[in-house]
Structures are given as C-alpha cells and as structure tokens.
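Participant: What follows is a single structure, and I will ask about it in a moment.
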Amino acid sequence: ALENMAWHALERGKEPHPLRFELCEEGGRITAGQAGLAGQIADAAWNGGDREALALGFHRAAARLVWEVCVLLRVRTGIHIAALSGGVFANRLLLEHCVNYLEADGFIVYVNEKVPMNDGGIALGQAHIAALLADRKENGSICV
C-alpha cells in the first residue's frame, strides 16, 4: 500500500515530503534511528501532510539510508560494490531509488535477475543445497 501511494505521488507530479533517517556510527556500529523518522511522519500527518507525498518521502529516505550506509562501508573497506537482495527489494520503487543513488555515486550494483528477491529465492537456495547433499550422500561422500 505504501509503495502504491508513492507511485501515485510520482504519477501526479508530487514532491516527496522531506524525511530523513538519523544515521549513527558509534564504536564501529552503524545504526539508523527509526523513532525520529516515525516522529517526522506523525508530525506531518498531524499537520495535514499529503499521504502520497509522505509515502514517496519515506521511499526516498530509505533509499538514501541504504546509500549512506554503503558509503560508510566503502570508506571502511574500499569496496564499491553493492548487492541488493531480500524481500524489501521486491518493492520496485525502493529498489530503483537505491540503484539510482548508488550508481550515481560510482557503486557497481547487483540485483536479482533470475531468482526472486524474497522467500522464493531462499527456497530455491535451500532446494539446491538439499539436492547437493542428497547427491553426495548417494555417492557415499558425506553422512547425513
């Protein structure tokens, strides 16, 4: 529903409501403050903020968060490759925003192409491992 509202905002030419996750880096840990974002959304909604613009703003804020974390990790590691996978990236709008931010900053971005990003991909991987184990057991190379 949130993604659909954000698409509607884009179709209607609405500007995203400015929202931002608070990114903290402490003791080598990177965390994102979700409470602050929830407060921003609540304040905007309470003051008559447009729901579709808020939905689009949320998607942009989440994509910026992914980009900011990748930048921090690139500084630490020198790695400029990002692999985006998992059920959250079944949200096409979020995926597109993340890819756009990352590629604009010089990242090489990998996304699922032939296997679903969500539980279907996990199930396929589990089935593949089970088949490998069954084959090895049949050939006597492992004990299960």
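Participant: Compute the acute angle (0 to 90°) between the alpha-carbon long axis of helix 92-104 and the principal axis of greatest extent of the alpha-carbon atoms of the chain; round to the nearest 10°.
Facilitator: So the inclination is approximately 90 degrees.
Participant: Full-extension gain between residue 47 and residue 23, please, as 0.36 nm times their residue separation minus the C-alpha to C-alpha distance.
Facilitator: Values: separation 24, 0.36 × 24 = 8.64 nm, distance 2.53 nm.
Going from the current span to full extension adds 6.1 nm.
Participant: While we're here: Roughly how tilted is helix 2-11, in degrees to the nearest 10 and between 0 and 90, from the longest Cα axis of the chain?
Facilitator: The angle comes out near 60 degrees.
Participant: Per residue of segment 68-85, what does 6.51 cos²θ - 1.76 cosθ + 1.60 with θ = phi - 60° give for ³J(HN,Hα)? Whole Hz please, x for Gly and Pro, Karplus curve as stated.
Facilitator: 4, 5, 4, 5, 4, 5, 5, 4, 5, 10, x, 7, 10, 10, 10, 10, 9, 8
Participant: How much of the accessible area of segment 1-105, probe 1.4 Å, is carbon plus sulfur, in whole percent? Could you put the intermediate results ahead of the total?
Facilitator: Numbers: 3480 of 6230 Å².
On segment 1-105, the fraction of accessible area on carbon and sulfur atoms equals 56 percent.
Participant: Defining a contact as two alpha carbons under 8 Å apart and six or more residues distant in sequence, what relative contact order in percent does the chain show? Walk me through the intermediate numbers first.
Facilitator: Values: 153 pairs, mean separation 30.2, N = 144.
Computed value for the chain: 21 percent relative contact order.
Participant: Out of residues 5 or more away from residue 23 or on other chains, whose amide H comes under 5 Å of its own, with H placed 1.01 Å from N in the peptide plane?
Facilitator: Excluding prolines and chain starts, which carry no amide H, the hits are 33.
Participant: Using amide H atoms built 1.01 Å from N in the peptide plane, name the residues 5+ places from residue 109, or on other chains, whose amide H lies under 5 Å from its own.
Facilitator: 82
Participant: Counting helices only, and only those DSSP H runs with n ≥ 4, report the 222 nm mean residue ellipticity of the chain as the sum of -39,500 (n - 2.57) divided by its residues, in deg cm²/dmol to the nearest 500. Let's see the in-between values first.
Facilitator: Details: 5 runs with 83 residues, N = 144.
Calculated mean residue ellipticity at 222 nm is -19000 deg cm²/dmol.
Participant: Could I ask something else about it? Under 1.5 on a/c is rounded, so check that first for segment 6-125, then, if it is not, pick prolate when a/b is larger than b/c and oblate when it is not; a ≥ b ≥ c are the square roots of the alpha carbon gyration tensor eigenvalues. Before the final figure, lay out each step's value.
Facilitator: Details: a/c = 1.86, a/b = 1.30, b/c = 1.44.
Here segment 6-125 falls in the oblate category.
Participant: Measuring from centroid to centroid over Cα atoms, what is the spacing of segment 103-131 and segment 84-98 in Å?
Facilitator: For segment 103-131 versus segment 84-98, the Cα centre distance is 12 Å.
Participant: Let me ask something additional. Just to be sure I understand: with springs between alpha-carbon atoms less than 10 Å apart, which residue in 27, 106, 121 has the highest mean-square fluctuation in the Gaussian network model of the chain?
Facilitator: Comparing 27, 106, 121 in a Gaussian network model of the chain, the most mobile one is 27.
Participant: I would also like to ask the following. Mind listing which trypsin sites (Lys or Arg not before Pro) in segment 1-42 are in a DSSP loop and have 12 or fewer other Cβ atoms within 10 Å?
Facilitator: Numbers: sites: 12, 14, 20, 29; in loops: 12, 14, 20.
Filter output for segment 1-42: 12.
Participant: Here's something else I'd like to know. Looking at the chain as a GNM with Cα springs under 10 Å, which of 112, 47, 100 has the largest mean-square fluctuation?
Facilitator: 47
Participant: Rounded to the nearest 20 debye, what is the charge dipole size of the chain about its Cα centre when +1 sits on each Lys and Arg Cβ and -1 on each Asp and Glu Cβ? It would help to have the intermediate numbers written out before the result.
Facilitator: Details: 13 positive and 17 negative charges, 44 e Å.
With Lys and Arg at +1 and Asp and Glu at -1, about 220 debye.
Participant: Please identify, among 134, 63, 82, the residue showing maximal mean-square fluctuation in a Gaussian network model of the chain using a 10 angstrom Cα cutoff.
Facilitator: 134
Participant: May I ask for the Kirkwood hydrodynamic radius of segment 1-61, worked out over all distinct Cα pairs and given in angstroms to one decimal?
Facilitator: On the way: mean 1/r = 0.0822 Å⁻¹.
Hydrodynamic radius (Kirkwood, Cα only) of segment 1-61 equals 12.2 Å.
Participant: For segment 49-64, just list the computed ³J(HN,Hα) in residue order, Karplus coefficients 6.51, -1.76 and 1.60, θ = phi - 60°, integers in Hz, with x standing in for Gly and Pro.
Facilitator: Going residue by residue, I get x, 5, 4, 5, 5, 5, 4, 5, x, 4, 4, 5, 5, 5, 5, 4 Hz, with x marking Gly and Pro.
The values are calculated or read from the model by the stated rules, or taken from the named source; none is laboratory data. If you're wondering where the values come from, they're calculated on a predicted model, not measured in any experiment. Ideal geometry is used to build each Cβ from the backbone, glycine not excepted, and the neighbour counts take in all protein chains shown. What goes into the accessible areas is simple: the full protein's heavy atoms, side chains included, and nothing from ligands, DNA or RNA. Shrake-Rupley method; radii C 1.70, N 1.55, O 1.52, S 1.80 Å.
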